[in-house]
Structures are given as structure tokens and as C-alpha cells.
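Peer 1: Got a structure for you, written out below as C-alpha cells; questions coming shortly.
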Amino acid sequence: MDARVVRPDGSVRHVHIRGQPVFDQNGDTDEFMGVIMDITDRRRTERALRRARERALEARFDAVLEERTRLARDIHDTLLQGFTGISLRLVAAINRVTQPPESVVALRELVDLAQQTLTDARRAIWDLRAPALGGDDFPTALRAAVEDTVRSTPLELEFDVVGTVRPVDPAVEAVVVRVAQEALTNVIKHAGARTVWVTLSFDARRIRLSVVDDGRGFAVASDFQAYGGHWGLLGMRERASQVRGKLSLQSSPDHGTKVVLLVPHVVRDSLHPPNLARS
């Protein structure tokens, strides 16, 4: 057995104890022999090695994350921006074309395809890079992320923080930001809403994100399907499960939609930096 010994002067030693009985010729215990070994130095060495491995792993994770962020920024500043310009020019061209009708239809289909491709590309960039906190606290970073998502849209955003702000696991921060961005993207694309309310709530053990809109709503399927691939609800639910969270949805035609994410502040043993850094 191993034991931790606190000496009278307050110092701590770690010992390893081994023992076994010695039997006489009748099989009775004659004596008990044992040895106590001081393994304090070995324990300290093991602890130092473990911390060194953790620091190396953290450095590797930071390097991978930095490279992914750089790639995402380069893609956004070159390919994505250029493709956005092409899409805008196509829209302008459609407004000048009046006939033949089949040409107008073909151009509109091309614009729809371009806009869907842009949406998919932005989602891929979100997945490449971590939410940039920029030294801000999590509520401030989340507010910046959601404001960036609705920028240049007619949607009015109301953002609120409820409760005492607590430290949040970085893995949880990333999932909350992603779910908020995905929910807002769905509102922009499908809800026809005028206003969306995003609320981040803190209690003793978990945080709660709610995204509520006043749009057209829809009939919620019991199997939580992706509704023709337009709502991305399955993707949000999968993200929630990665941090032991729960995603719920409330909606009905003409009564808007409410998406709620509940997740603990800290996710222990379920996520660690290597998982987040996988390509």
C-alpha cells in the first residue's frame, strides 16, 4: 500500500509499504515481515513529468489552434470575400435582366446556390477557428460573436446576461458560441423575424443560453430531425452532447421559435485539448 505521511514539522513524505506473513511448520502465522520505503522523490519526479507532459500538450494544442485560426482568416479574407463579391454582382445582374424568363430563373437559382455555398463556407470557418475572446470575459465575447452574426441584416438583436457570471470551461464557451451562431443563422435564413432575443444565464452549476425569435415558426417534429436540412438542429444537438449539455426546441407556426441550451460550467474528463484540435 501507499501512504502519505505528515511529519510533526509539517513536511509531507510519501511511503510505499510491503509486507507478508511468515508461517511456521503447522501453517500458523509466526511473524510478519515488512518494509517501508520512502518514495517521496519518485513521486515528485512523476509529478514533474506529468506537468511537463501537460505543458507540452497545451503548447501543441495552442499551436494547432493558432494555425487553424490563421487558415480560417486567410480563407475569409481571400476566397470567401471574393465569392461574396461575385454573389453581389449576380444579384445586381438579375435586377437588370427582364427576359427571357428562363434566364431570370436560372440566374436566381445560381444566386441561391452561391448564397448557400457562402453559408456553408462560413460555417466551416467557424469550425476551423476557436471563438476569439480577445481577453474579454465570456459574456462580452459571446455578445461580440452574436452581433457579428446579425450584422448587415435587418434583424434587431436584444442581448442580456442574467445571474452572477462564473468561470466557464473553454470547451463549453466554444460550444455555446457555435450554438448561438447556428441558431441566429437559422433565424436569418428561415424565420422572417424582426427581433431576436439572446440571453445567457448563470446559476450555481450550469449556464443557460436561449435564442428566441418572433418569426414565422414551424411545426416541431418529435424525432428532432433537421427539417429538410435547413435548420441545422441536429448539428446543434451534437455540439451540446460534446459538453454534456442538453438542447431543447419550442416552436409553432406563426409563434416564433425558442432554442435553449443547458450545459454545466465545467466539463471534466469528457473533453480535453486534443479532442478540440482534431481536424
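The values are calculated or read from the model by the stated rules, or taken from the named source; none is laboratory data. Quick caveat, the model's predicted, so the values are computed rather than measured. Here the Cβ is made from the backbone with ideal geometry for all residues, glycine too, and neighbour counts use every protein chain on show. For accessibility, only protein heavy atoms count, side chains too; no ligands or nucleic acids. Shrake-Rupley method; radii C 1.70, N 1.55, O 1.52, S 1.80 Å.
Peer 1: Heavy atoms only, 1.4 Å probe, whole protein assembly: order Ile36, Ile94 by accessible area, highest first.
Peer 2: I get Ile36, Ile94, largest accessible area first.
Peer 1: Additional query: How much FRET efficiency would the formula 1/(1 + (r/R0)^6) give for Val15 and Arg53, where r is the Cβ-Cβ distance and R0 is 30 Å, rounded to 0.05?
Peer 2: 0.75
Peer 1: With labels modelled as points extended 7 Å from the Cα through the Cβ direction, what inter-label distance (nm, one decimal) is found for Arg7 paired with Thr140?
Peer 2: Each label point is offset 7 Å from its Cα along the Cβ direction, giving 4.8 nm.
Peer 1: Between beta-carbons, use under 14 Å as the cut-off and find the net charge around Phe23, counting Lys and Arg +1, Asp and Glu -1. All intermediate terms of the calculation are to be shown ahead of the outcome.
Peer 2: Values: positive: none; negative: Asp24, Asp28, Asp30, Glu31.
Its environment carries a net charge of -4.
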